[in-house]
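Peer 1: Let me begin by handing over the structure; questions about it come next.
The values are calculated or read from the model by the stated rules, or taken from the named source; none is laboratory data. Keep in mind the model is a prediction, meaning the values are calculated, not measured. Backbone-built Cβ (ideal geometry, glycine too); neighbour counts: all protein chains shown. Surface accessibility is based on the protein's heavy atoms, side chains included, excluding ligands, DNA and RNA. Shrake-Rupley method; radii C 1.70, N 1.55, O 1.52, S 1.80 Å.
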Amino acid sequence: MKSGYKILWTDHSISELKETIEYLENNWTEKELRKFSSKLDHTIELISKTPELFPESYEKKGIRKAVVERHNNLYYRIFENSIEIVSLFSNRKNPNKKNV
């Protein structure tokens, strides 16, 4: 993946990524899993090259929200030379569990 800004994942976002992958492996086909992975990679590449492409989140100031696909949103913040991914939230979860 070619990047502009360095991409950093928080421990929380890594944990959510692992949960999402585990869920998808158990409930989706291999083809659907590859398609999700491709969409996630593409979204991260867009963020890296053009971080202000996605809108600010209504939930928290300074956090931007990128829809990876209808079931998963990526929340991130922009720093001077890097992007910090703070959450990969699965929309199948209770919205009160969102930790952005």
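Peer 1: In this structure, does residue 40 turn out to be over 15 Å from residue 17 (Cβ atoms), open to solvent by less than 80 Å² (accessible area, probe 1.4 Å), under 12 Å from the mean Cα position of the chain (by Cα) and aliphatic (A, V, I, L, M)?
Peer 2: No, not satisfied.
Peer 1: For the range 1-36, name all the residues that are among the aromatic types (Phe, Trp, Tyr) and assigned to a loop (DSSP other than H, G, I, E, B).
Peer 2: 5, 28
Peer 1: While we're on this one: Would you be able to say whether some residue in the range 53-70 is under 12 Å from the mean Cα position of the chain (by Cα), in a helix (DSSP H, G or I) and over 12 Å from residue 89 (Cβ atoms)?
Peer 2: no
Peer 1: I'd like the full set of residues that are among the β-branched types (Val, Ile, Thr), within 12 Å of residue 87 (Cα to Cα) and either without any contact (Cβ under 8 Å) to a residue 24 or more places away in the chain or loosely packed, with under 13 Cβ neighbours inside 10 Å (or both), limited to the range 7-37.
Peer 2: 14
Peer 1: So, one more: Scan the range 48-88 for residues that are of a type in the set (Asp, Glu) and surrounded by 14 or more Cβ atoms within 10 Å (Cβ to Cβ) and jot them down.
Peer 2: Listed by number, the list holds a single entry, 84.
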